[in-house]
Amino acid sequence: MIGTSSALIGAVVLLVVILVWIRADLRSRHLPSVLDQWLPDQGEAAEVCPPEFVSQIFSGQDLRFISRLESPDLKRHFLRERRAVALLWVQQTSAAIRRIMRRHLEASRLSADIEFATEARIFLQYTQLRLICCLLILLIELAGPQRLHGMALYTDRLTQRIGDVLREFASGARLREMDGA
């Protein structure tokens, strides 16, 4: 049985998470005009940030350097800007994932030989990536991007991998269509 204090603590934690989520959502609504410039709908594979860039965004090195300068205003400004860049990267990655999956769905509709196990694995990876992106947005607001280095790199690698697999799938489907014609 859950005690009153445990239920109260759980409710407070849930309330804080909801408030942080709402704050992150409100911040992200100010980025769409910037996102339109960063995320053109390209005919081929979407350009994603190189892993070195992702590593730098989520690294703690810059923060340590700024902290040594002992300027609270500079540190506050740096943290705000780094958080905005990290959120932009998450949104860019999430949009790229949606585009990749949309193209895959279009290609798979035209394919006659779809394997259920492969499609299920692709769908699970897609779902995992979307959940990680949502979690990253929440955690960036709570902890800042510097503490999420490993998670961001994992997300970037998985995004690259699913994009590569789906590009191979699409090119294989085109080859099968040409052979059949």
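The values are calculated or read from the model by the stated rules, or taken from the named source; none is laboratory data. Because the structure is predicted, anything quoted here is derived from the model rather than measured. Backbone-built Cβ (ideal geometry, glycine too); neighbour counts: all protein chains shown.
Conditions (1) in contact with a helix residue (DSSP H, G or I) (Cβ under 7 Å, 6 or more places away or on another chain); (2) farther than 22 Å from F53 by Cβ; (3) modelled with pLDDT of 90 or more, marked per residue:
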{"position": "E70", "(1), (2), (3)": "no, yes, yes"}
{"position": "V85", "(1), (2), (3)": "yes, no, yes"}
{"position": "R130", "(1), (2), (3)": "yes, no, yes"}
{"position": "Q146", "(1), (2), (3)": "yes, no, yes"}
{"position": "L153", "(1), (2), (3)": "yes, no, yes"}
{"position": "R157", "(1), (2), (3)": "no, no, yes"}
{"position": "I162", "(1), (2), (3)": "yes, no, no"}
{"position": "R174", "(1), (2), (3)": "no, yes, no"}
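Looking for whichever is closer than 30 Å to L63 by Cα, touching a residue at least 40 places away in the same chain (Cβ under 8 Å) and assigned to a helix (DSSP H, G or I) here; the options are R103, R130, R82. Which one fits? First the steps, then the outcome.
On the way: R103 fails: closer than 30 Å to L63 by Cα; R130 fails: touching a residue at least 40 places away in the same chain (Cβ under 8 Å).
Just one listed residue meets the conditions, R82.
Residue pairs, Cβ under 7 Å, 6 or more apart or interchain, first in the range 43-67 and outside any helix (DSSP H, G or I), second of a type in the set (D, E, K, R) and at pLDDT 80 or above. List them.
A46/R99
Identify all residues within the range 93-137 that are of a type in the set (G, A, S) and closer than 30 Å to I18 by Cβ; write none if there are none.
Our first condition is that a residue be of a type in the set (G, A, S); within the range 93-137, this holds for 94-96, 107-108, 111-112, 117, 120.
Within the range 93-137, S94, A95, A96 qualify.
E81 - would you say it is surrounded by fewer than 11 Cβ atoms within 10 Å (Cβ to Cβ), out of contact with any strand residue (DSSP E or B) (no Cβ under 9 Å at 6 or more places or on another chain) and among the acidic types (D, E)? Break it down stepwise before answering.
Details: surrounded by fewer than 11 Cβ atoms within 10 Å (Cβ to Cβ): yes; out of contact with any strand residue (DSSP E or B) (no Cβ under 9 Å at 6 or more places or on another chain): yes; among the acidic types (D, E): yes.
Taking the combined requirement at face value, the residue satisfies it.
Within the range 111-121, is there a residue that is surrounded by 11 or more Cβ atoms within 10 Å (Cβ to Cβ), in contact (Cβ under 8 Å) with a residue 40 or more places away in the chain and not polar (S, T, N, Q)?
no
Does E70 satisfy the condition of being of a type in the set (D, E) and either touching a Pro at 6+ places or on another chain (Cβ under 9 Å) or within 11 Å of D156 (Cβ to Cβ) (or both)? Walk me through how you get there before you give the answer.
Values: of a type in the set (D, E): yes; either touching a Pro at 6+ places or on another chain (Cβ under 9 Å) or within 11 Å of D156 (Cβ to Cβ) (or both): no.
No: the conditions fail for E70.
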